[in-house]
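The values are calculated or read from the model by the stated rules, or taken from the named source; none is laboratory data. Keep in mind that this is a model prediction, so the values were computed, not measured. All Cβ positions, even for glycine, are placed from backbone atoms using ideal geometry, and neighbour counts span all protein chains on display. With ligands, DNA and RNA removed, areas are computed over all heavy atoms of the protein, side chains included. Shrake-Rupley method; radii C 1.70, N 1.55, O 1.52, S 1.80 Å.
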Amino acid sequence: MTTHTLPARQDVQDDVAPGRRRPVRFLRGRAGRQHHAGPVTYLLLAVAAVLSLFPLYWTMVAASSDNTRVTQTPPPFLPGPHLLENLGKAWQDAALGKAMVNSLIVAGVIALSTVLFATLAGFAFAKLRFKGRNILLMLVIGTMMVPPQLGVVPLFMMMTELGWGQKLPAVIFPTLVSAVGVFFMRQYLAEALPDELIEAGRVDGAHSLRIFWSIVLPVARPAMAVLFMITFVHAWNDFFWPFIVLDMTNPTVPVALTQLSAGYVRDQSLIMAGALLGTLPLLAMFVVFGRQIVGGIMQGAVKG
């Protein structure tokens, strides 16, 4: 019997003829490789990082200078010696202590309620079957096309009738849930939540709330973290509605900062110092929870 020795397998490029698909086993062998970015990628990332951080750096430079130095031409690009002085003055003039507490309450409650209600509604629209589901979803999406300014007058009258004028509930309750959050969670759960998990829960005798608590929430955790961060930042920076319904005796941070621009001559360095103080809590939250949020996003992408 004649034995034939098989030739050693060459590179994958030599095994696959032109115009033919590569075997799955070869693709799987190459899937685990790590791709290293080239110098052009690092250069583009560095440029994007500089452009993103420059507004924050300029705010710090302006906050550490005096008004004369900020308004001169060309403007300064190096920090000055008055940072702590301007920060302290902005804190006192704008009464930012109470405003920080109010903004923390408003943004925290709005973010938590939006995440909870949006996840519940997203689960219902994505996985539950009931009459009128698609029509209700279209109505929710349609509300995103309505300018919020159209509802300011009737909403203000409603808050006045409820006795919530100049109070924080007037800012919180109209934004307890958002159509964007519902649509975002619906799209995520439709892809990331397998129907087999829900069916297994049904077989075990679990009702819808039990399934939501034990199955949906662990799967939706990455998207919930992202939605919480986006909603918190939006609620913290919201100026239009709080400026209408609140006064200077009970303001949020954006409303309180308007006191720094009052008067005939505006102190730009003082305004920038107040803006820097209003930004620091957001930066601190992202530094503390940013790694968990990014890790949750990557974990959800792998599971999806």
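Points to keep in mind about this one:
- Test: residue in the range 108-122 that is farther than 30 Å from A223 by Cα, touching a residue at least 24 places away in the same chain (Cβ under 8 Å) and open to solvent by 70 Å² or more (accessible area, probe 1.4 Å): no
- Within the range 223-239, the set of residues being more than 20 Å from G97 (Cβ to Cβ) and free of Cβ contacts under 8 Å to residues at least 40 places away in the same chain comprises I230, H234.
- Residue match in the range 62-70 (condition: under 20 Å from T249 (Cα atoms) and either surrounded by fewer than 21 Cβ atoms within 10 Å (Cβ to Cβ) or touching a residue at least 60 places away in the same chain (Cβ under 8 Å) (or both)): no
- Taken together, I198, I172 contain a single residue that is farther than 25 Å from W236 by Cβ, in contact with a helix residue (DSSP H, G or I) (Cβ under 7 Å, 6 or more places away or on another chain), surrounded by 14 or more Cβ atoms within 10 Å (Cβ to Cβ) and not acidic (D, E), which is I198.
- Residue check for M144: open to solvent by 40 Å² or more (accessible area, probe 1.4 Å), out of contact with any Leu (no Cβ under 7 Å at 6 or more places or on another chain), assigned to a helix (DSSP H, G or I) and free of Cβ contacts under 8 Å to residues at least 12 places away in the same chain: no
- Here A126 fulfils each of the conditions (1) at pLDDT 95 or above; (2) in contact with a Lys or Arg (Cβ under 8 Å, 6 or more places away or on another chain) apart from (1).
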